[in-house]
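Only one structure is covered here, and it is reproduced in the block below.
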Amino acid sequence: MSLKGYKDLPEGGVIPERGNSVLYKTGEWRSMKPVYYPEGCVHCLLCWAFCPEPAIKVENGRMLGIDYDHCKGCGICARECPRKEKALQMVRE
Ligand code: SF4
Ligand code: SF4
């Protein structure tokens with residue numbers, strides 16, 4: 001990824017287009033990551049509700065896994081998961 005210089009950035013830090021946060025792969029910052037074990041998951045979606053990123057993949061009310069492009073590795077999902085020993089565990093990258 002090439003980095004922009006300050007002359008290339010919009011004045012005043014204005015965000016010129018909506019929804020551009022999805023383009024930034026915040027997962028590149030991560031030093032820890034959650035590992036999902038679907039067999040232990042009860043699909044309560046607390047991990048989705050607490051995740052500060054759009055990093056918990058959900059379809060039809062069911063947890064599908066982690067979007068590692070956008071997961072920062074903060075560990076909130078694993079902390080809040082009621083089945084943390086069986087469904088979500090943090091490991092080093
Ligand atoms: S919080 Fe845990 S049990 Fe609930 S959906 Fe997420 S992984 Fe599954
Ligand atoms: S570690 Fe943090 S950013 Fe990654 S899925 Fe869990 S709550 Fe979301």
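Annotated for the chain: lysine pairs at least 8 residues apart or interchain, Cα distance under 23 Å, count 15. As a fraction of the 1.4 Å probe accessible area of the chain, surface on carbon and sulfur atoms comes out at 54 percent. By a 1.4 Å probe calculation restricted to protein chains, residue 62 has an accessible surface near 130 Å², given to the nearest 10. Amide H contacts for residue 67 (H built 1.01 Å from N in the peptide plane; partners 5 or more residues away or on another chain; cut-off under 5 Å): 56, 57. Shape analysis of the chain yields a ratio of the Cα radius of gyration to the Kirkwood radius, Rg/Rh, of 1.08.
Around the amide H of residue 88, modelled in the peptide plane, lie the amide H atoms of 37, all under 5 Å away and 5 or more residues distant in sequence or on another chain. For the chain, the cysteines with no partner cysteine C-beta closer than 4.7 Å are 41, 44, 51, 71, 74, 81. For region 33-48, backbone phi angles converted through the Karplus equation (6.51, -1.76, 1.60; θ = phi - 60°) give residue-by-residue couplings of 9, x, 10, 9, 10, x, 5, x, 7, 9, 6, 6, 6, 4, 4, 5 Hz, Gly and Pro being listed as x.
Note: relative contact order over the chain, using C-alpha pairs below 8 Å and six or more positions apart, is 36 percent.
Computed over protein heavy atoms with a 1.4 Å probe, the accessible surface of the chain works out to 75 Å² per residue. Distance between the pseudo-spin-label points of residue 3 and residue 35 (7 Å out from Cα toward the beta carbon): 3.3 nm. Once the Cβ-Cβ distance of residue 21 and residue 64 is raised to the sixth power relative to R0 = 35 Å, the FRET efficiency obtained is 0.95.
In a simple Cβ point-charge model (Lys, Arg +1; Asp, Glu -1; nothing else charged), the chain has a dipole of about 240 debye relative to its Cα centre. Of the residues 73, 13, 65, the one that moves most in a GNM of the chain with alpha-carbon contacts below 10 Å is 13.
For region 76-85, backbone phi angles converted through the Karplus equation (6.51, -1.76, 1.60; θ = phi - 60°) give residue-by-residue couplings of 4, 4, 5, 5, 8, 5, x, 10, 3, 5 Hz, Gly and Pro being listed as x.
The values are calculated or read from the model by the stated rules, or taken from the named source; none is laboratory data. Owing to the predicted nature of the structure, the values given are computational and were not obtained by experimental measurement. Every residue, glycine among them, receives a Cβ derived from its backbone with ideal geometry; neighbour counts consider all protein chains shown. Areas reflect the complete protein model, heavy atoms only, side chains present, ligands, DNA and RNA absent. Shrake-Rupley method; radii C 1.70, N 1.55, O 1.52, S 1.80 Å.
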